[in-house]
Every structure is written in C-alpha cells, then in structure tokens.
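Attaching a single structure in structure tokens format; questions to follow.
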Amino acid sequence: RFEPSQPPLRSLRSGGFLWVRMDWQRIMPVMFSRKLIFFLVPALWVITGLQFWLNLHQLPARLASHFNASGAADGWMDKGTFIASWIATVVSLNLLVIGICWGIRFLPNSMFNFPHRDYWLSPSQRPATVGALLEFGFGLAFGVTLLFGALFDQTLKANQTQPPHLPPRFWLHLTPALLIMAGVLLDLATQFRKLPAEVEKPEPTTAQ
C-alpha cells in the first residue's frame, strides 16, 4: 500500500507551479509516477520515427529545408541529406541531454551548484537528487523530440506547395514542445530552492 507521508521525491518538489505534480504523487504510487517519463520518451521516439518513416515518400528529391522570417524558402537540400541530418540531429540531441543528466551522478559534490547543496547531496538524499536530474533529462528529451517531430511535419507541408512556403501560424504547432521544455527548465530551477518543510534547520550556535 502506498503511504504518501514519506514519498521519496516529495522533498524535491516545491512551489505553486508544481502543485499538480505533487497531487499526482499523492494519488499514484511513487514508483509509477517517477518512471512515467521513462516510458513516455521511448514511446514518443517510436511515434516520431513512424511519423518520419511513413511520410518520407512525400518529400521531393530536392526540398526546401530552411525558411526566412516570412516563411519563404531560402535554403535547399537533397532528400537523402535531409533525412540523414534530421535523424542525426534528433538522435544526438537526445543522447547528449540524457547522457549528461545520467553522468552527473558520477561527479563529486563540489561540482554541483544549487541551493542547500549539503542537504540535497547528503547520503540519504543524493539518490533522489540524481534521479530527479535524470528525470529532468528525459523530460527535456521529450520536448526536443516533440519539437523536431513538429518541425518535420511543417517542413513536409511547406514542400507540398509551390513555391515552398511554411503554413500560416506554423509556430502554433511548435508551441506545445516549447512549453514542455520551458516547464521542465522551470521545474529544475525551482525544485532545489527551498528545503522541505519537515526538515528542521539547526539552531544557531553561540560562541562560548
């Protein structure tokens, strides 16, 4: 039975922006809520890969790959080069983000720079802290993958018109991914700012 009185990651979440997540952890088992992002990211990889693969036949042999501020094409690329560069960019960015956030666990405490470092990196809290940083990496990878999926979709639509031109209000299709990445970054920036309420601050000592 799940007891919400001592959730392992509760101490890593604070601030009004995170109330939804805190309530989620009270409702669902902690292990499920922590591992949810680790399921969602590979699922999005599969969905984005299928979207890419199933629509490749719609790309012309030479396509517009870059557009100016007004949406008109100002850069061109062969189909094969575009496919290779898109895959390489998405894969390398995902590996870079997740790899860095996973490798942080091997750094000494002195290389971490956030408030209340002694508490968050204490022996009892360090596993949860590095776990939260890895969770951040997967969350950012989710936003990156979603963004490149939207960019591919808009590039595909742009090349279906003559001359190639981005669809009107194409930025609206990128907004969900940008909001997710902004939210993940804000989460990381705020979660270590305050100590949990149940942690008692030591009484100041007076000189003898």
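Could you provide, to the nearest whole Å², the per residue accessible area of the range 95-153 with probe 1.4 Å?
47 Å²
Once the convex hull of the alpha carbons of the range 56-124 is built, what does its volume come to per residue, in cubic angstrom?
Working: hull volume 11.5 nm³, N = 69.
Once divided by residue count, the hull of the range 56-124 is 166 Å³.
Here's a follow-up. Please say if the range 77-208 is rounded, prolate or oblate, where rounded means a/c under 1.5 for a ≥ b ≥ c the square roots of the C-alpha gyration tensor eigenvalues, and otherwise the choice is prolate for a/b larger than b/c and oblate otherwise?
Details: a/c = 4.82, a/b = 2.60, b/c = 1.85.
Cα axes put the range 77-208 in the prolate bin.
The values are calculated or read from the model by the stated rules, or taken from the named source; none is laboratory data. Given the structure is predicted, the values throughout are model-derived calculations rather than measurements. Keep in mind that these areas ignore ligands, DNA and RNA; they rest on the heavy atoms of the full protein, side chains included. Shrake-Rupley method; radii C 1.70, N 1.55, O 1.52, S 1.80 Å.
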